[in-house]
């Protein structure tokens, strides 16, 4: 089967080369021509030959010429893919989206809805940047899954969603860690706790749990005397929870040190307050 497909692709490229040769290779002449059929055939030929830079403006011109005709679907489809081949994922995604919204019952609608989501995926940035596009891509893939639950592309769509969710997960974790770095200890503790709730199976939860102990300890240490006791108790509680969840953690020794200090200081504070 793959060999058969390759033969078809080779034949398409051969036909494209033959057509372009018959036009004398005069691209400007084709562009200026009022013969829309010739322009259409040339655009397809350039596309099949891999000359997307020449195909693009021809398809762009033909979008309005063939609106409402049988060729409109083909032009939308090829124009979207031409932009995709040129790595313009924003324009490609827009026209893939336009295709399946304009022709929802077309044979290619499923493919174009998937490609729209995939273009959003390709535009999603690294985890340390704004993740708006990642969220848009997840929504697009999820919509595709809902629209085509029996599609052969479901597995790939879910894999891309997993990758995107990993970016969001990492982003959330790094923001929570940042609160600790800039010494917003109470905010760090709250954010890290919420992070664990949001991502209960995250690979970063062990580190996050340890950072909660550290954040609680620093928050307690920098508190007024009358609040220290209850806040050191929070350190103790977070440590005990950490030990239950990660009894063999590489952070265990450091966590134990903070726990011991919290127990000691809480006892001293209790004695100090009684003495007064």
Next on the checklist: If I ask for residues that are over 26 Å from the mean Cα position of the chain (by Cα) and under 17 Å from residue 239 (Cβ atoms), which ones from segment 187-198 would you list?
Outcome noted: 189
Item to check | Options 43, 92; residue that is over 29 Å from residue 135 (Cα atoms), part of a helix (DSSP H, G or I) and either at pLDDT 90 or above or not assigned by TED's automatic domain parsing to the domain that holds residue 145 (or both) | outcome: 43
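Please state which one of 52, 94, 40 is over 25 Å from residue 156 (Cβ atoms) and touching a helix residue (DSSP H, G or I) at 6+ places or on another chain (Cβ under 9 Å).
Values: 52 fails: over 25 Å from residue 156 (Cβ atoms); 94 fails: over 25 Å from residue 156 (Cβ atoms).
None of the other options fit; the residue is 40.
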Next on the checklist: Criterion first (touching a residue at least 12 places away in the same chain (Cβ under 8 Å), on the phi < 0 side of the Ramachandran plot, part of a loop (DSSP other than H, G, I, E, B) and assigned by TED's automatic domain parsing to the domain that holds residue 138) does residue 202 satisfy it?
Outcome noted: no
Next on the checklist: So, in segment 57-72, how many residues would count as being assigned to a loop (DSSP other than H, G, I, E, B), surrounded by fewer than 11 Cβ atoms within 10 Å (Cβ to Cβ) and under 34 Å from the mean Cα position of the chain (by Cα)?
Outcome noted: 0
Checklist entry - Using beta carbons and a limit of 6 Å, which pairs, at least six apart or on different chains, have the first residue in segment 63-74 and more than 15 Å from residue 101 (Cα to Cα) and the second one buried (at least 17 other Cβ atoms within 10 Å of the Cβ) and at pLDDT 90 or above? => result 63/75; 66/72; 66/75
Checklist outcome for this item: Scanning segment 203-233 residue by residue, those crowded, with 17+ Cβ neighbours inside 10 Å and under 15 Å from residue 269 (Cα atoms) turn out to be 217, 220, 228, 229, 231, 232
Checklist entry - For the subset of segment 1-37 comprising residues that are in a loop (DSSP other than H, G, I, E, B) and either touching a helix residue (DSSP H, G or I) at 6+ places or on another chain (Cβ under 8 Å) or modelled with pLDDT under 50 (or both), which member is surrounded by the most Cβ atoms within 10 Å (Cβ to Cβ)? => result 23
Next on the checklist: If I filter segment 99-110 for residues that are assigned to a helix (DSSP H, G or I), touching a helix residue (DSSP H, G or I) at 6+ places or on another chain (Cβ under 7 Å) and more than 27 Å from residue 34 (Cα to Cα), do I get at least one hit?
Outcome noted: yes
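Among the candidates 254, 189, 238, which residue alone is assigned to a helix (DSSP H, G or I), loosely packed, with under 14 Cβ neighbours inside 10 Å and in contact with a helix residue (DSSP H, G or I) (Cβ under 8 Å, 6 or more places away or on another chain)?
254
The values are calculated or read from the model by the stated rules, or taken from the named source; none is laboratory data. As the structure is a prediction and not an experimental result, all values here were calculated from the model. For neighbour counting, all protein chains shown are included, and Cβ atoms are generated from backbone atoms with ideal geometry for every residue, glycine included.
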